[in-house]
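Below is one structure, written out as structure tokens; comments come after it.
The values are calculated or read from the model by the stated rules, or taken from the named source; none is laboratory data. These numbers come from a predicted model, not from an experiment. Every residue, glycine as well, gets a Cβ built from its backbone with ideal geometry; the counts of neighbours run over all protein chains shown. Just the protein is used for accessible areas: all its heavy atoms, side chains included, with ligands, DNA and RNA removed. Shrake-Rupley method; radii C 1.70, N 1.55, O 1.52, S 1.80 Å.
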Amino acid sequence: YGEQGIAHSGLRTLLTGRRPISEKLQNVKWTKIKTDLALATSGELFQKLVNYVVLMLLTRYLTPATMGQFFFAATLSSFFAMMSSLGTGRYLARAVAQEPDNALVHLGDVLSLRLPIVAAALVLLNATLPLLQPEISGIVFLTSVYVLVGDLYYSFGAFFTGMRRMGLRIVTGAIGPLLLAVLIVLGVRRDVTLHTLLGFYIIANFALVASAYLAVRLFFGPIPIRFRAGAARRIFSYSWSLFLLMLLGVLQFKIDTVMIWLLASSAAVAEYETAYKLLEASRLIVRPASMVYFPVCAALAASADWTALRSFFNRLSLAAGILGGAVAAVVLAVADHLMPLIWGPQYASSGATLQVLFLSTPAVFVGFVAVFTTSAMHLERTA
């Protein structure tokens, strides 16, 4: 990968014989890993559960056509949010895990790079979309604000993950969804419009980011936010390949929403997206493992402990494949009853879509484990 890649990866150890953090690895407490895994799983489950309860309320409150507009706006906004992140989330978690003494500097460099890009993405999206889809420009503007603001939280989440402070990630990550749930319930009771509901999303995500910022200030210190051209170039030189991995994932899973919007109707988008949301929710089974094991794998790669890393990967990928197959079997059996039960009778016809999507879960789960493991090993370009 060239001198830069070697200088900043576990390959340096193979060439020089140095094992920079092996002493720390010897002190890893496996009970701590198990505790972190339990915390990450419960935290992710709680946050997703709250968000899905909110969506369940909305699908019963809004028509499928209106929900389709909301889902389409969220898909576009998520694409721009992903573009603005530049793959810095996984880069930051890896950098913090390997250099905890410089964690605040890494976080400050990432935020200094991301903030102006997020602002530019917000302007670009809302300057061009009215020319193509003027009828939903208001929905897209409000949705893009809440999505892009909320996406900034993942930089703080990556910081907490790298520092192995799962408790802070869980507590700060729960504030936004809980506030949103309260606001949405009040809004539905008062029969407010979709635009007002999206305003509630914006308030909740600002609270989410603010709570994470305050947690970092309180427990770690001030964040040195200052743009440095050298730091930006360094971050991008390592994160661009992570960014491309994310881009491939978005194209694989979200291009369908755009195609359905263009070829069918907003109601068809709602039918597809409600099925896809359940596929997305199924990744809760493997996502907490990446939050906990990624910094451990990054540390093992940096110290060239390939035996331990191989053991981690073998066990995790085997478990992911088995769980993915089990989930697929269950959903294939109950899909026709699951969709109307969760989203309401208007979505009963989406059961067949759900069955097709869930045929992919074994590969999706194993691929998820493989991608974060290759990222920990600095092999994302090969991936």
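How many angstrom separate the Cα center of the stretch 187-258 from the Cα center of the stretch 91-160?
Between the Cα centres of the stretch 187-258 and the stretch 91-160 lies a distance of 4 Å.
With the chain treated as a Gaussian network of Cα nodes joined by springs under 10 Å, which of V209, V366, V356 yields the largest mean-square fluctuation?
Ranking V209, V366, V356 by mean-square fluctuation puts V356 first.
Compute the helix-to-body angle for 137-151: its Cα long axis versus the longest principal axis of the chain, expressed 0 to 90° and rounded to tens.
30 degrees
When the dipole is taken about the Cα centre of the stretch 76-200, and only Lys, Arg (+1) and Asp, Glu (-1) are charged at their Cβ, what size is it in debye, to the nearest 20?
With Lys and Arg at +1 and Asp and Glu at -1, about 320 debye.
Computing the accessible area with a 1.4 Å probe over protein heavy atoms, can you report the carbon and sulfur percentage for the stretch 100-157?
72 percent
For the charge dipole of the stretch 218-286, defined by +1 on Lys and Arg C-beta atoms and -1 on Asp and Glu C-beta atoms about the Cα centroid, which residue among S237, W261, G249 has the Cα displaced farthest towards the positive pole?
S237
Build a GNM of the chain with springs between Cα atoms under 10 Å: which of P177, P222, P134 gets the top mean-square fluctuation?
In the Gaussian network model the winner is P134.
Can you show me the helix-derived [θ] at 222 nm for the chain, built from DSSP H runs with n ≥ 4 at -39,500 (n - 2.57) apiece and divided by the number of residues, rounded to the nearest 500.
Mean residue ellipticity at 222 nm (helix-derived): -28000 deg cm²/dmol.
Just to compare against my own numbers: the Cα pair-distance distribution for the stretch 76-119, 10 Å bins, whole % per bin, please.
29, 48, 21, 2
Ordering I255, I139 by how much accessible area each has at a 1.4 Å probe, largest first, what is the list?
From most accessible down to least: I255, I139.
Angle check, please: helix 153-162 long axis (alpha carbons) against the longest principal axis of the chain (alpha carbons), in degrees 0 to 90, nearest 10.
Between helix and principal axis, roughly 30 degrees.
Where nothing but the Cβ of Lys and Arg (+1) and of Asp and Glu (-1) is charged, how large is the charge dipole of the stretch 267-329 around its Cα centre, in debye to the nearest 20?
200 debye
Can you give me the angle between helix 103-132 and the longest principal axis of the chain, using Cα atoms only, in degrees from 0 to 90, rounded to the nearest 10?
With rounding to tens, the tilt is 30 degrees.
By per-residue mean of other Cβ atoms within 10 Å, what is the highest-first order of 157-166, 140-149?
Output ranking for 157-166, 140-149: 157-166, 140-149.
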